[in-house]
Every structure is written in structure tokens, then in C-alpha cells.
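The values are calculated or read from the model by the stated rules, or taken from the named source; none is laboratory data. Everything numeric in this text was worked out from a predicted model, so none of it was measured. Here the Cβ is made from the backbone with ideal geometry for all residues, glycine too, and neighbour counts use every protein chain on show. Surface areas here come from the heavy atoms of the whole protein model, side chains and all, with no ligands, DNA or RNA. Shrake-Rupley method; radii C 1.70, N 1.55, O 1.52, S 1.80 Å.
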Amino acid sequence: MRDTNDIVFPAHPAPPVAAIALLCAVALCSGASIAGAPPPAGWHPDDALAFGPSMGAAQAPDLGWVVAPGAELTYSHRLHTPLYFWLSAGARLFADSEDVSCFPYAETGLSFLVFTVGLGYGHGFGDDRAPRDELHGFVGVSIPLYTPRRGRLLFVEPYYRPTGALTPARYAVHELGAMLKWLWMLRPGYSTDEEAIRSSP
């Protein structure tokens, strides 16, 4: 059995520190006018689906910097406004001038206000330089862009995904990017005002 404590995360903290600082700055700029997230904008469905593409850049010891496009489907369930539990399935590519690798993955985590955190597992196919098995974290900030009506929402989510490669070698991968997602409400919840009225004595 492999000991995941042997995963080599970066000796230089600059990439994750810079990424987290950037996400916090985005959250401060966008969060003041948002009543909840995701889905934000003052309405809180009990269940929702979101789907969309992503574009990022990743850095790994054997690969250098690579382009990392992808796509993701996310199911979210409201635990208690504004706290959500979510599950995601997706795939992303690591592409450089030499080769392309594909990484199907699954993630789960929590969203609170504009902040999203989670953990995931992925398996790589393709380029021999890329990791085969990997565990990763996820930190994101959801920013609403367009709400045509209640129950539909377009939002962007800048993210940082630190990854610990398990095989063929143990090393760290840093990924920074943004997702553009369209959200559909599956089961309506109460709006902020309705919930305040129902909870009042």
C-alpha cells in the first residue's frame, strides 16, 4: 500500500500563496453584493446542476507549464443557507508542444457564500511524463455574471487546484484557471426573504 504522506508538495510556497491571495482578492471584490453562492444572487435552490468548460495553466516538474482546458458537471445540495454540499465529475487535458494527457476526475466538497473548497481523485491517460494517479485539492470563488430568471444562472469560478501525483512518481502539480458554468435549479428552495419570514417566531 502506498503511503500518501510521501507525496512531495512544493518546497517553494509562492505559487499556492499567490493563487490563494488572488482568489481572496476576487472574493472581496465580488462578495459584498452577493447573498449566497453558488448559486448566488439571493435565491437558494435545494438541488441544482451546473455544467461548463474550464481553462487553466498547470505546472509540474517533468512537464513545465502546460495548457489545461477541461469541462465539469456539478451537483449541489443545500445543507443550510448559505452552505452547500457538492459532487463533481469532469475531465481536463494537459497539453504542451510534445504531447497531450487526459485526466478524468471526481471531486466533492462544500460551498459557503462565494467560497468553494473540495478534494478529488483523478487518473491520467496519455503522456508518460504526466501523473497516472493523483489526489488534489480545490479552492474556488464563484462570481455571478447573468441571471435571466430565477432558477438559471451563469457564473465564473476562478480556482486553484494543488495536486499530489502518486504514480509514476510523487511530485506536486499547480493548476490555476477559471470555470464558466451554467446552473439549472432542480428543486426550488426559499429566497432569502422567504426563509427569514419562515424562521421568525
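Quick look at the values:
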| item | result |
| --- | --- |
| Single match in 76, 88 (criterion: open to solvent by less than 60 Å² (accessible area, probe 1.4 Å), farther than 19 Å from residue 55 by Cα and in a strand (DSSP E or B)) | 76 |
| Qualifying residue in segment 125-133 (condition: open to solvent by 40 Å² or more (accessible area, probe 1.4 Å) and without any contact (Cβ under 8 Å) to a residue 24 or more places away in the chain) | no |
| Residue in segment 44-101 that is nearest to residue 168 (Cα to Cα), counting only those that are of a type in the set (Val, Ile, Thr) and touching a strand residue (DSSP E or B) at 6+ places or on another chain (Cβ under 7 Å) | 100 |
| Matching residues, segment 110-130, being in a strand (DSSP E or B) and of a type outside the set (Phe, Trp, Tyr) | 110, 111, 116, 117, 118, 119, 120, 122, 123, 126 |
| Members of segment 104-141 found to be within 15 Å of the chain's Cα centre (by Cα), over 14 Å from residue 160 (Cβ atoms) and not β-branched (Val, Ile, Thr), listed by number | 104, 105, 106, 110, 111, 112, 113, 121, 122, 135 |
| Segment 166-181, residues that are part of a strand (DSSP E or B) and of a type in the set (A, V, I, L, M, F, W, C) | 166, 172, 173, 176, 178, 179, 180 |
| Residue check for residue 185: at pLDDT 95 or above, within 21 Å of residue 85 (Cβ to Cβ), assigned to a strand (DSSP E or B) and aliphatic (A, V, I, L, M) | no |
| Residue within segment 137-152 that is among the small types (Gly, Ala, Ser), in a loop (DSSP other than H, G, I, E, B) and exposed (fewer than 14 other Cβ atoms within 10 Å of the Cβ) present | no |
| Single match in 167, 81, 116 (criterion: within 21 Å of residue 53 (Cβ to Cβ), open to solvent by less than 60 Å² (accessible area, probe 1.4 Å), of a type in the set (Ser, Thr, Tyr) and touching a residue at least 12 places away in the same chain (Cβ under 8 Å)) | 116 |
